[in-house]
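Novice: First the structure, then my questions, so here it is.
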Amino acid sequence: MPVITSIDDLKRIYKRRVPQMFYDYAESGSWTEQTFRENCSDFDQIRLRQRVAVDMSGRSTATQMIGEDVAMPVALAPVGLTGMQCADGEIKAARAAEAFGVPFTLSTMSINSIEDVAEATTKPFWFQLYTMRDQDYVSRLIQRAKDANCSALVITLDLQILGQRHKDLKNGLSAPPKLTVKTLANLATKWGWGREMLGAKRRHFGNIVGHVHGVTDNADLGAWTAEQFDPSLDWDKIAKIKEQWGGKVILKGILDAEDARMALKVGADAIIVSNHGGRQLDGALSSIRMLPEILDAVGDQIEVHLDGGIRSGQDVLKAMAMGAKGTYIGRAFIYGLGAMGQPGVTRALEVIHRELDLTMALCGETQIANLGRHNLLIPRNFGGDWQERPRDPGTC
């Protein structure tokens, strides 16, 4: 195994090993990709306060997210098509997360199904739900997650309509890949990926194919998916889904203080400050820039997590010191998975954990709970010096 000291090391291997369309799927944003880039670059503006002559022994990164014990405040985010980055990718990522002691979140648009992952793991995982027009399918999907003993439902709110990602359109993204001349030429250079994929449990969307009336292959799936995301989603529908689930609910895609207040009103257990990895509304502010405003809006009345731009343990520490109660990694674990399978996911978690632990020590802290804004040097007007925004009519 090569010496891996950073997430970027895994990314370089990942890029060499995985077909171009799946690399581009992970490593891209919508339109100009401004928000995609700033999710990472805005972390660089926040600096750390070094402290010395502090007892650094007895450190621990352990904490809780929505009442569940975690080895560090990091969960694996839901990522669609994970099973195309590596054969049986969702199963391998879930096993790595379980062994490390952090939550794994399975996407609705996964390759391995809910049942596949449940069969391959021993502890409950989280399930991410896209709201669809087909209410019967959504109800059955929720029941399947219940039957699999999922311990939280993560409802994604920021994909009522699909943002335009230029690279996906140009690549003709699909699962499995369409065998065009361009695709075949690229696949010919990815023989290791192809050999493993031949033995994969599935190569299509396992939560959908065979579970929706009339969808039996990828041609049917494409037509069904194109018209299924629900543009009419509102807070009343979210409340009904929460009631139907009956367990812990995390709302993902909050990027505005007023939406955070609505999430609090609907009774969510946690919210995730997220812009869908910069893949939806290009030009929106980064997650880390919006975090302080959202924290100020809801205080400690609801658990606030952050997703977007986390590429290191230092990023985790900055988000936690800012006030988040948990963070999510998507691309960071995908780099590891695509590079080296399950051991690669484990290595990504190890890298982030070591960076978090050492940085915490050098900041003079020994416990996650003690992190705060006193550990940071935050630029003035970090959130942006914008004109005052009028409150939307009808919001709380």
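Novice: Within the range 67-103, which residues are closer than 21 Å to F22 by Cβ, free of Cβ contacts under 8 Å to residues at least 60 places away in the same chain and assigned to a helix (DSSP H, G or I)?
Specialist: Scanning the range 67-103 gives E90, A94.
Novice: Take the conditions more than 22 Å from I13 (Cα to Cα), of a type in the set (S, T, N, Q) and at pLDDT 95 or above and apply them to T359. Does it pass?
Specialist: So T359 passes the test.
Novice: Determine whether the range 247-260 contains at least one residue that is open to solvent by 40 Å² or more (accessible area, probe 1.4 Å) and among the aliphatic types (A, V, I, L, M).
Specialist: Checking the range 247-260: not a single residue is open to solvent by 40 Å² or more (accessible area, probe 1.4 Å) and among the aliphatic types (A, V, I, L, M).
Novice: Let me ask something else about it. Restricting attention to the range 105-133, which residues are closer than 19 Å to F229 by Cβ and over 21 Å from the mean Cα position of the chain (by Cα)?
Specialist: R133 - this is the single residue of the range 105-133 that is closer than 19 Å to F229 by Cβ and over 21 Å from the mean Cα position of the chain (by Cα).
Novice: Sort out which residues of the range 303-329 are out of contact with any Lys or Arg (no Cβ under 7 Å at 6 or more places or on another chain), surrounded by fewer than 24 Cβ atoms within 10 Å (Cβ to Cβ) and under 30 Å from G267 (Cα atoms), and write them in order of number.
Specialist: G323, K325
Novice: Within the range 125-138, is even one residue open to solvent by 60 Å² or more (accessible area, probe 1.4 Å) and closer than 22 Å to I271 by Cα?
Specialist: no
Novice: Moving on. Considering only residues that are touching a strand residue (DSSP E or B) at 6+ places or on another chain (Cβ under 8 Å) and either at pLDDT below 95 or more than 19 Å from F229 (Cβ to Cβ) (or both), which ones fall in the range 134-148?
Specialist: A148 - this is the single residue of the range 134-148 that is touching a strand residue (DSSP E or B) at 6+ places or on another chain (Cβ under 8 Å) and either at pLDDT below 95 or more than 19 Å from F229 (Cβ to Cβ) (or both).
Novice: M65 - would you say it is out of contact with any helix residue (DSSP H, G or I) (no Cβ under 9 Å at 6 or more places or on another chain), modelled with pLDDT of 95 or more and open to solvent by less than 10 Å² (accessible area, probe 1.4 Å)?
Specialist: Criteria met by M65.
Novice: Can you pull out the residues in the range 100-124 that are of a type in the set (S, T, Y) and open to solvent by 10 Å² or more (accessible area, probe 1.4 Å)?
Specialist: T121, T122
Novice: While we're on this one: In contact with an Asp or Glu (Cβ under 6 Å, 6 or more places away or on another chain), polar (S, T, N, Q) and within 30 Å of P379 (Cα to Cα) - does that describe any residue in the range 57-69?
Specialist: Yes: the range 57-69 contains one or more residues that are in contact with an Asp or Glu (Cβ under 6 Å, 6 or more places away or on another chain), polar (S, T, N, Q) and within 30 Å of P379 (Cα to Cα).
Novice: Moving to a separate point now. Based on this model, can you work out whether M360 counts as part of a helix (DSSP H, G or I) and either surrounded by fewer than 21 Cβ atoms within 10 Å (Cβ to Cβ) or in contact with a Lys or Arg (Cβ under 7 Å, 6 or more places away or on another chain) (or both)?
Specialist: Yes, satisfied.
Novice: Would you check which residues across the range 27-62 are polar (S, T, N, Q), closer than 29 Å to G101 by Cβ and either assigned to a loop (DSSP other than H, G, I, E, B) or open to solvent by 60 Å² or more (accessible area, probe 1.4 Å) (or both) and list them?
Specialist: If the condition is that a residue be polar (S, T, N, Q), closer than 29 Å to G101 by Cβ and either assigned to a loop (DSSP other than H, G, I, E, B) or open to solvent by 60 Å² or more (accessible area, probe 1.4 Å) (or both), then Q50, S57, T61 are the ones that fit.
Novice: Being touching a residue at least 12 places away in the same chain (Cβ under 8 Å) and open to solvent by 70 Å² or more (accessible area, probe 1.4 Å) is the filter here; which residues of the range 167-187 pass it?
Specialist: Correct list: K167 only.
Novice: A follow-up question, please. Of all residues in the range 193-227, count the ones that are loosely packed, with under 11 Cβ neighbours inside 10 Å and either assigned to a loop (DSSP other than H, G, I, E, B) or among the small types (G, A, S) (or both).
Specialist: Looking only at that region, the number is 7.
Novice: For residues that are assigned to a loop (DSSP other than H, G, I, E, B) and over 26 Å from T180 (Cβ atoms), scanning just the range 1-20, find the one that is most open to solvent (accessible area, probe 1.4 Å).
Specialist: Taking the candidates together, the pick is M1.
Novice: Which residue is nearest to Q164 (Cα to Cα), if the candidates are limited to the range 33-60 and must be of a type in the set (S, T, Y) and within 20 Å of the chain's Cα centre (by Cα)?
Specialist: T35
Novice: Also, quick follow-up: Restricting to the range 188-205, and then to whatever is small (G, A, S) and without any contact (Cβ under 8 Å) to a residue 40 or more places away in the chain, can you tell me which residue is nearest to S110 (Cα to Cα)?
Specialist: Restricting to residues being small (G, A, S) and without any contact (Cβ under 8 Å) to a residue 40 or more places away in the chain, the top hit is G194.
The values are calculated or read from the model by the stated rules, or taken from the named source; none is laboratory data. Here the structure is a predicted model, which means the values were calculated and not measured. Note: ideal-geometry Cβ built from the backbone for every residue, glycine included; neighbour counts use all protein chains shown. The accessibility values were calculated without ligands, DNA or RNA, using every heavy atom of the protein model including side chains. Shrake-Rupley method; radii C 1.70, N 1.55, O 1.52, S 1.80 Å.
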